[in-house]
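These notes are about the structure you will find just below.
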Amino acid sequence: MGGFVGRESELTSLTGLLDRVRATIGTDRPGRCLLVRGRRRVGKSRLLETFLDASGVPALFFTASTQGRRELALFAEEARSSTLPGADLFQGVVPETWDAALRMLDRALPVDQPAVVVVDEFPYLLADDPSLEGTFQKQWDRLLSRRPVLLVLVGSDLAMMEALDTHGRAFFQRGTELIVPPLSPRAVSDLVGAPSAADAFDAYLLTGGLPLICDDWPSGATMWEYLESAFADPTSPLIVSAERVLAAEFPSTAQARDVLSQIGSGETTFSTIARAAGGLQATSLERALGILLDKRVVARDLPLSAAPSRETRYRVADPYLRFWLRFVGPHLAEIERGRGDRVLARVRSDWSSWRGRAVEPVVREALARLLPLGPLQGGAVGGYWTRTNHPEVDLVGADRGPIARRITFTGSIKWLENDPFEQRDLAVLARDTLEIPGADASTLLVAVGRNGVTAQGAAWCLGPEDLIDAW
């Protein structure tokens, strides 16, 4: 199904939970609660709509917004138009409280067949009234769990949704969690018709695995063909998706957005971000970084070695947002006035160097996935650097992180357009490895090359075809 490449496991999980509801009809508590989280525009709502269409069971799909008390009227409106057997109970009625709305929902549910109720953007309701978490939990325990219903609470605020199932919170141990990730590089490859694994990684760095952008990519088109068409259309998903995500995540925190822009432009350390943000005070920067880290928009990395380090680096966690902040966001005005060709020229000029950095966390994730199947050992995969970036090693494998007991391997990534990973690249890696605390001359070496590896002596050689097998 177009746009659902790579979603088989999520659909299987949803179907399995509904089957459990069906199998326990007639027992005391056949209901099941599911907490779904994933980044904005990653396809959560579409996944659930597809699941509902395939299941054929009575269902209610309500999407919360930020309209305060009007939410109850909107909920009643959706309930009236739902396929629940008691939908007519909401006819001409707007409940005054969520307690009342959930009691009405209980009466509208079937008793002899399974049903699904989806509350999308659940964190919007909690932001407006934090007590609703307890309200939903109370009515779930008292009423809804006694019905054959799969209650699905969905949210894009990753930290808030993750916290719902933690100790001391209302839904602790009451719900199953389902994380909807972006599409993997392999799924992106299938969806855009990438001619090679190397092209698939390029497409992944552009789209971040967001289904809406992948759907917009004509199957078989090259990256440059797609960019030319996307930059010519100010309403293309590549152009507008990031702005919509940022508007939803940071409606009133301009300082966090400014800090994010500096990180997206290439600043990685606390001091350089502060300078680039106009000399931002340390306390203000810490507050902004805290917001960005809490929302999982920014990731914080530490060097991986046998010694502690304070050389923290920050990066934009999502590849697509990283691309947008670097190449698109600062030049939206040019795209809107029909000069996307100038933006495309900048991408062509800087693509190779930008891609070399952007692909590093993707390669690390792939390597971590491949370790159980490969010739090397390790429980953590990261990188190593110093304040001066001499040395700087792309890949470090260890028994744990960020402070390891044992370094198991080091590696270098040469993600170049034409050149392979050569013997001199391996020699530089061997030299730099000796400066990593915990590594020595016996530490195994890994060579990763976009155009293959010609060097001799590496314990493991990997190219794009090998890496994409991680997914």
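Here are the numbers for the structure shown:
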| item | result |
| --- | --- |
| Residue check for LEU18: assigned to a helix (DSSP H, G or I), touching a Phe, Trp or Tyr at 6+ places or on another chain (Cβ under 6 Å), in the same structural domain as PRO123 (by TED's automatic domain parsing) and over 23 Å from GLU249 (Cβ atoms) | no |
| Meets criteria (at pLDDT below 95, assigned to a loop (DSSP other than H, G, I, E, B), more than 32 Å from the chain's Cα centre (by Cα) and exposed (fewer than 13 other Cβ atoms within 10 Å of the Cβ)) for GLY92 | yes |
| Meets criteria (of a type outside the set (A, V, I, L, M, F, W, C), free of Cβ contacts under 8 Å to residues at least 40 places away in the same chain and either surrounded by fewer than 20 Cβ atoms within 10 Å (Cβ to Cβ) or not assigned by TED's automatic domain parsing to the domain that holds VAL298 (or both)) for GLY168 | yes |
| Residue list for the range 76-87, restricted to those being over 11 Å from LEU109 (Cβ atoms) and touching a helix residue (DSSP H, G or I) at 6+ places or on another chain (Cβ under 6 Å) | ALA76, ARG80 |
| So GLU121, is it in the same structural domain as PRO85 (by TED's automatic domain parsing) and at positive phi | yes |
| Test: LEU74 is in contact with a Gly (Cβ under 8 Å, 6 or more places away or on another chain) and in the same structural domain as LEU125 (by TED's automatic domain parsing) | no |
| Residue list for the range 289-335, restricted to those being more than 29 Å from ALA230 (Cβ to Cβ), modelled with pLDDT of 95 or more, buried (at least 16 other Cβ atoms within 10 Å of the Cβ) and touching a helix residue (DSSP H, G or I) at 6+ places or on another chain (Cβ under 7 Å) | LEU289 |
| Flag for ASP394 being free of Cβ contacts under 8 Å to residues at least 40 places away in the same chain and touching a Gly at 6+ places or on another chain (Cβ under 6 Å) | no |
| Filter result for ALA73 (over 26 Å from PRO30 (Cα atoms), among the aliphatic types (A, V, I, L, M) and modelled with pLDDT under 95) | no |
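The values are calculated or read from the model by the stated rules, or taken from the named source; none is laboratory data. These numbers come from a predicted model, not from an experiment. Cβ: placed from backbone, ideal geometry, glycine included. Neighbour counts: every protein chain shown.
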